Amino acid sequence: MIDFTETQVRNIEILFRERNYSFRERNIGCRNFGYYFLPSEINPELSDFILRITNQESKLYVIGVSESVPFAIRDYFALAEYIEFIELDLGLEGRVRQAEEIVLGIVEPELKRDYITKKLGLYKRELDLDRSKPEEYCLGDEGRREFLRAIDYLDEQLAISRRRIT
């Protein structure tokens, strides 16, 4: 996963403001963060995408969530990125799974299954796209391992939630 320069982060923020993308500030789980609503046309192959541009040292960030993600869970998509890339270290092994664990401890119970299902779809689709277009998706071996750990965890959580209903 890529660590961007401060200039790159600022330039993306300027671009998003120039394009008048909606911005939402949130406080969830004692975390203050903000993110942009992005048109799904930006990445038609990965409609429910998340975009993040971060600089680890300065903690500057821009996070965007596709408008195709249901409104009720968009905040949690952004929160997971914020935790993964701002609170946790970019090089921390297991950080994607850890961020998902934290978010699932915060998300409202009635939204949990939808959140898990959408995140599983996102991770699996992005892995497929990375395999076919590695130069475009740039996950690398480390990123693929991170996604696979998160998928395993979310699959377990989805199975648990299904057992509770039956």
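Each reported figure results from applying straightforward, stated rules to the coordinates on display, with no laboratory input. Keep in mind that this is a model prediction, so the values were computed, not measured. So basically every Cβ, Gly included, is an ideal-geometry build from the backbone, and we count neighbours across all protein chains shown.
Points worth noting:
- For the stretch 3-85: rounded, prolate or oblate by the Cα gyration tensor [a/c cutoff 1.5]: oblate
- Derived scalar couplings between HN and Hα for the stretch 140-145 equal x, 4, 5, x, 5, 4 Hz in order, rounded to whole Hz, by the Karplus curve 6.51 cos²θ - 1.76 cosθ + 1.60 (θ = phi - 60°), x for Gly and Pro.
- Annotation for the stretch 9-55: trypsin sites (Lys or Arg not before Pro) lying in DSSP loop with at most 14 further Cβ atoms inside 10 Å of their Cβ are Arg19.
- 23 Å Cα cut-off, lysine pairs counted over the chain (separation 8 or more, or different chains): 4
- Residue-span extension gain [Arg144 to Phe71] - 0.36 nm each, minus C-alpha spacing: 23.6 nm
- By definition, a body whose alpha carbon gyration tensor gives a ≥ b ≥ c is rounded when a/c is under 1.5, and the stretch 9-166 falls into this rounded group.
- Separation between Cα centres of the stretch 102-144 and the stretch 1-53, rounded to whole Å: 16 Å
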